[in-house]
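K.L.:
Mind looking over this structure? Questions follow.
The values are calculated or read from the model by the stated rules, or taken from the named source; none is laboratory data. Everything numeric in this text was worked out from a predicted model, so none of it was measured. Here Cβ is always computed from backbone atoms with ideal geometry, including for glycine, and neighbour counts include all displayed protein chains. Just the protein is used for accessible areas: all its heavy atoms, side chains included, with ligands, DNA and RNA removed. Shrake-Rupley method; radii C 1.70, N 1.55, O 1.52, S 1.80 Å.
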Amino acid sequence: MSTWTVLAAGGTEAARTGVWESGATVAGAVVVVLMVAAATSLLRTPGQDPVLRLFWLLVILAFPVAGAGLWFVLGRRAGNAPDAHPA
């Protein structure tokens, strides 16, 4: 096969496009898995105020990577904090 045949068929350009598409697909799948993990963790955390839970869910859905990261860093700790003033 000559160089002209490969270039005419889009050989190297098609290969580069395929790599970018695969990378974008993997990145998208990672974001979806991160969102689902954060939402599942949020919904399974006991003792959360329903309004605060809704707020966190909206943050996770609106900002998938940053929202999920913030939930895992800040939100889970706030939900599990012991009550300082028991009734």
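K.L.:
Of the conditions (1) at pLDDT 90 or above; (2) open to solvent by 70 Å² or more (accessible area, probe 1.4 Å), Ala38 clears all except one; give me its number.
P.N.:
(2)
K.L.:
In this structure, does Val31 turn out to be modelled with pLDDT of 85 or more, open to solvent by 70 Å² or more (accessible area, probe 1.4 Å) and under 21 Å from Phe72 (Cβ atoms)?
P.N.:
So Val31 fails the test.
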